[in-house]
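Peer 1: Just passing along the structure, written as structure tokens.
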Amino acid sequence: MSNLEGAPVEASDVRGRVAELHAIREQVRRGPSERATEAQKAKGKLTARERIDLLLDEGSFNEVEPLRRHRATGFGLEAKRPYTDGVITGWGTVHGRTVFVYAHDFRIFGGALGEAHATKIHKIMDMAIAAGAPLVSLNDGAGARIQEGVSALAGYGGIFQRNTKASGVIPQISVMLGPCAGGAAYSPALTDFVFMVRETSQMFITGPDVVRAVTGEEITQNGLGGADVHAETSGVAHFAYDDEETCLEEVRYLLSLLPQNNRENPPRVASEDPADRVGEALLDLVPADGNRPYDMRKVIEELVDDGDYLEIHERWATNIICALSRLDGQVVGIVANQPQSLAGVLDIEASEKAARFIQMCDAFNIPIITLLDVPGFLPGVDQEHGGIIRHGAKLLYAYCNATVPRISVILRKAYGGAYIVMDSQSIGADLTYAWPTNEIAVMGAEGAANVIFRKQIAEADDPDAMRARMVKEYKSELMHPYYAAERGLVDDVIDPVETRSVLIRSLAMLATKHADLPSRKHGNPPQ
């Protein structure tokens, strides 16, 4: 048999060797000690293997290098050489499709990354890229293993390099289930989606102690980098959940909407929701008065299969909605202004949120549906000084660069530069539809009248009456629902109740779309 922490003991025959192997495997499965497991549970956290079991289909996990042990010496490391070296790596299936995974085991060295630990992660990342399958990281680690010095830091560099190599090639999902501090936080930031669990997961470059020492500010770990902070304020996290079970179930749902890699289309499913279903509710959901708010989510629910969709960054930059859903079983990405938040204007955060989502959809062959109801860009000194020009240009660049099928629907108002940026026909939308409630113009009628007819209004005996007459005249001349259609800037004005069927027929026509981009190493998008 084996002493499990030292060299194997001689076994007399094959059966003895096999028994030794099974004993070692059992030790690997159990982990370092019951005490370490109890400490993990006391924090309200699952073990790494329990997390993998929840993520993957039952019995599908195949572990890679479970017997790996570090070779470092000094600071007592040579006396502590546990199997796995604090990270579990391998592959399995989610809904029957291959997924690669690595999970930090906080019970071993606090999940800290050393040379052997990093090498295991590098290997599984290389395998995921070569196999063309998604990679999910279950993060619960204390950063670099200080005792191993620069070797640990170099390990992170290898992870970052592979994150970048895999970007846009395979889906990468980071699930934060514990601490992630310092340089380690940059790996999740390089991936496509970040999930977090409240209370138990935190991400920050410098922790509360460093913040206190440098700035004098007092703040808790959750206050600095908890799930709600990153889901609502920083935008680092796309999703935040109350418990690990719900979080991992949602990761499975997200994977069901994504292709295996950039050479495949997302999985299509049979839909029982009729493609020609009439959306009578849409006539009442969207007020004709452009100043009245409504919830764009209800419009999306009415359009998509069974009203089911997954919203990305639900609580950050709420003036724009980004969601994955299905139309007649086909996965689509939806970008929509939200009149219920800031009247649906575009600002710095909304531009960044939508731009990254569009890039992801384009990378993974997901058609983009854009629902417009936008009054313009948010005015203000903070926005201008914060770089709304370059941040807004990110959204413009993302749309212009996207080669997947792109369909836009103008529900109500679409004013100024925001109309152009939100996938107008002039920047390459394949099809543009409008409801009869649409108002496409350089600006709102009131503002336009004040500019164009400033002199007449000022000289009038009754300026208010003159302004009202000029506003009405401007609307009748330039803002009627068919002005853009008459000039070929809208492909058709459609009955709102037919929107679902129009979108589905349009997607079917665009299924074989092929678009060539100029030969180049890569573009230089605005930063």
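The values are calculated or read from the model by the stated rules, or taken from the named source; none is laboratory data. Predicted, not measured: the structure shown is a model, and the values here were computed from it. Positions of Cβ are generated from backbone atoms using ideal geometry, with glycine treated the same way; all protein chains shown enter the neighbour counts. Protein only, heavy atoms only, side chains kept; ligands, DNA and RNA dropped before computing areas. Shrake-Rupley method; radii C 1.70, N 1.55, O 1.52, S 1.80 Å.
Peer 1: Probe radius 1.4 Å, ligands and nucleic acids ignored: give me the carbon and sulfur share of the accessible area of the chain as a rounded percent. Display every interim value, and only then the final one.
Peer 2: Details: 12580 of 23660 Å².
Carbon-and-sulfur percentage of accessible area, whole number: 53.
Peer 1: What is the diffusion coefficient of region 105-173 in µm²/s, taking the Kirkwood radius over Cα pairs and the Stokes-Einstein relation at 4 °C with a viscosity of 1.567 mPa s? Write down the numbers at each step before the final one.
Peer 2: On the way: Rh = 12.4 Å.
The estimated diffusion coefficient comes to 105 µm²/s.
Peer 1: Calculate, for the chain, the solvent-accessible area per residue in square angstrom, rolling a 1.4 angstrom probe over the heavy atoms of the protein chains. Working shown, then result.
Peer 2: On the way: 23660 Å² over 527 residues.
I get 45 Å² per residue for the chain.
Peer 1: Take every Cα-Cα pair in region 320-444 and report what % of them are more than 23 Å apart.
Peer 2: Working: 1826 of 7750 pairs.
Of all Cα-Cα distances in region 320-444, 24 percent exceed 23 Å.
Peer 1: Given a 1.4 Å probe and heavy atoms of the protein chains only, how would you sort ARG30, ARG500, ARG277, largest accessible area at the top?
Peer 2: So, going from the largest accessible area down, we get ARG30, ARG277, ARG500.
Peer 1: Ignoring ligands, DNA and RNA, how do GLU477, GLU311 rank by accessible area with a 1.4 Å probe, largest first?
Peer 2: The ranking, largest first, comes out as GLU477, GLU311.
Peer 1: Follow-up question, since we're still on this one. Consider the candidate values [x] 0.96; [y] 0.99; [z] 1.06; state which one is Rg/Rh (Cα atoms, Kirkwood Rh) computed from the structure displayed.
Peer 2: Calculated Rg/Rh (Cα atoms, Kirkwood Rh): the matching label is [z].
Peer 1: Just how far, in whole angstrom, is region 333-350 from region 200-243 if you go by their alpha carbon centroids?
Peer 2: 25 Å
Peer 1: Of the peptides 468-474, 41-47, 256-262, how do they stack up when ordered by the mean number of other Cβ atoms within 10 Å, highest first?
Peer 2: On the way: 468-474: 16.7, 41-47: 14.9, 256-262: 19.3.
Highest-to-lowest ranking by the protection proxy: 256-262, 468-474, 41-47.
Peer 1: Still on this structure, please answer the following. In the structure shown, do any of LYS120/LYS353; LYS413/LYS475; LYS298/LYS413; LYS298/LYS513; LYS45/LYS353; LYS413/LYS472 have a Cα-Cα gap over 21 Å, and if so which?
Peer 2: Numbers: LYS120/LYS353 33 Å; LYS413/LYS475 12 Å; LYS298/LYS413 18 Å; LYS298/LYS513 30 Å; LYS45/LYS353 30 Å; LYS413/LYS472 16 Å.
Those over the limit are LYS120/LYS353; LYS298/LYS513; LYS45/LYS353.
Peer 1: Taking 7 Å along the Cα-to-C-beta vector as the label spot, tell me the ARG198-GLU280 distance in nanometres, rounded to one decimal.
Peer 2: Taking the simple label geometry, ARG198 and GLU280 are separated by 3.9 nm.
Peer 1: Turning to a different aspect of this structure: If ligands, DNA and RNA are left out, what is the accessible area of GLU244 with a 1.4 Å probe, given in Å² to the nearest 10?
Peer 2: 10 Å²
Peer 1: Could you tell me how many degrees, from 0 to 90 and to the nearest 10, lie between the Cα long axis of helix 14-30 and the main elongation axis, the longest principal axis, of the Cα atoms of the chain?
Peer 2: The helix 14-30 is inclined about 50 degrees to the chain.
Peer 1: Largest first and to the nearest Å, give the Cα extent of region 363-418 along each principal axis.
Peer 2: Between the extreme Cα coordinates on each principal axis of region 363-418 lie 38, 27, 13 Å.
Peer 1: While we're on this one: Semi-axes, largest first, in whole Å: what does sqrt of 5 times each Cα gyration tensor eigenvalue give for region 5-114?
Peer 2: On the way: eigenvalues 117, 84, 36 Å².
Values for region 5-114, descending: 24, 20, 13 Å.
Peer 1: Could I ask something else about it? Simple spin-label model, 7 Å along Cα-to-Cβ: LYS165 to ALA23 in nm?
Peer 2: Taking the two extended label points, one gets 4.0 nm.
Peer 1: Just to be sure I understand: of the beta bridges DSSP finds with both ends in the chain, what percent are antiparallel, rounded to 5?
Peer 2: Numbers: 25 of 65 bridges.
Roughly 40 percent of the beta bridges in the chain run antiparallel, per DSSP.
Peer 1: How big is the antiparallel share of DSSP beta bridges in region 322-409, given as a percent to the nearest 5? Provide the component values of the computation, followed by the final result.
Peer 2: Working: 6 of 15 bridges.
Rounded to the nearest five, the antiparallel share is 40 percent.
Peer 1: Suppose R0 equals 35 Å; then what is the FRET efficiency for LYS513 and ARG252 from their Cβ-Cβ distance, rounded to the nearest 0.05? Write out the running numbers ahead of the final one.
Peer 2: Values: r = 30 Å, r/R0 = 0.85.
Using R0 = 35 Å, I get an efficiency of 0.70.
Peer 1: Could you tell me the convex hull volume per residue, in Å³, taken over the Cα atoms of region 151-287? If you can, show how the numbers build up before the last one.
Peer 2: Details: hull volume 24.9 nm³, N = 137.
In region 151-287, the Cα convex hull volume per residue is 181 Å³.
Peer 1: Continuing with this model, one more query. Using a 1.4 angstrom probe on the protein heavy atoms only, could you order ARG162, ARG263 from most to least accessible area? Before the final figure, lay out the partial values.
Peer 2: Working: ARG162 45, ARG263 170 Å².
Descending order: ARG263, ARG162.
Peer 1: What does the accessible area of ASP516 come to, in Å² to the nearest 10, when a probe of 1.4 Å is used?
Peer 2: Roughly 120 Å² of ASP516 is accessible to a 1.4 Å probe.
Peer 1: Expressed as a whole number of Å, what is the distance separating the alpha-carbon centroids of region 113-132 and region 492-527?
Peer 2: 36 Å
Peer 1: Another question, then. Can you tell me, using C-alpha contacts under 8 Å and at least 6 residues apart, the relative contact order of region 107-222 as a whole percent?
Peer 2: 24 percent
Peer 1: Now a separate question. Gain in length, ARG97 to SER426, computed as 0.36 nm per residue apart minus the alpha-carbon separation, to one decimal in nm? Don't skip to the answer; put the middle values down first.
Peer 2: On the way: separation 329, 0.36 × 329 = 118.44 nm, distance 3.92 nm.
Taking 0.36 nm per residue and subtracting the Cα distance, the gain is 114.5 nm.
Peer 1: Quickly estimate the mean residue ellipticity at 222 nm for the chain, helices only: each DSSP H run with n ≥ 4 gives -39500 (n - 2.57), and the total goes over all residues, rounded to 500. Walk me through the intermediate numbers first.
Peer 2: Values: 20 runs with 197 residues, N = 527.
Calculated at 222 nm, the ellipticity per residue is -11000 deg cm²/dmol.
Peer 1: If you build the Cα gyration tensor of region 64-214 and take the root of 5 times each eigenvalue, what three semi-axes come out, in whole angstrom, biggest first?
Peer 2: Details: eigenvalues 112, 78, 38 Å².
After diagonalising the Cα gyration tensor, the semi-axes are 24, 20, 14 Å.
Peer 1: Now for a different question. Hey, could you grab the Kirkwood Rh for region 154-205? Inverse mean 1/r over distinct alpha carbon pairs, Å, one decimal. Please list the in-between numbers first.
Peer 2: Working: mean 1/r = 0.0879 Å⁻¹.
One over the average 1/r among Cα pairs gives 11.4 Å for region 154-205.
Peer 1: Another question, if that's okay. According to the square roots a ≥ b ≥ c of the eigenvalues of the Cα gyration tensor, what is the shape class of region 395-527, taking rounded for a/c under 1.5, prolate for a/b larger than b/c otherwise, and oblate for the remainder?
Peer 2: oblate
Peer 1: Looking at the calculated P(r) for region 226-362, what percent of the C-alpha pair distances fall above 19 Å? List each step's numbers first, then the result.
Peer 2: On the way: 5332 of 9316 pairs.
For region 226-362, the fraction of Cα-Cα distances above 19 Å is 57 percent.
Peer 1: Given the whole protein assembly as supplied and a 1.4 Å probe, what does the accessible area of CYS247 come to in Å², nearest 10?
Peer 2: 0 Å²
Peer 1: Whole angstrom only: what separates the Cα centroid of region 283-305 from the Cα centroid of region 89-111?
Peer 2: Answer, in whole Å: 41.
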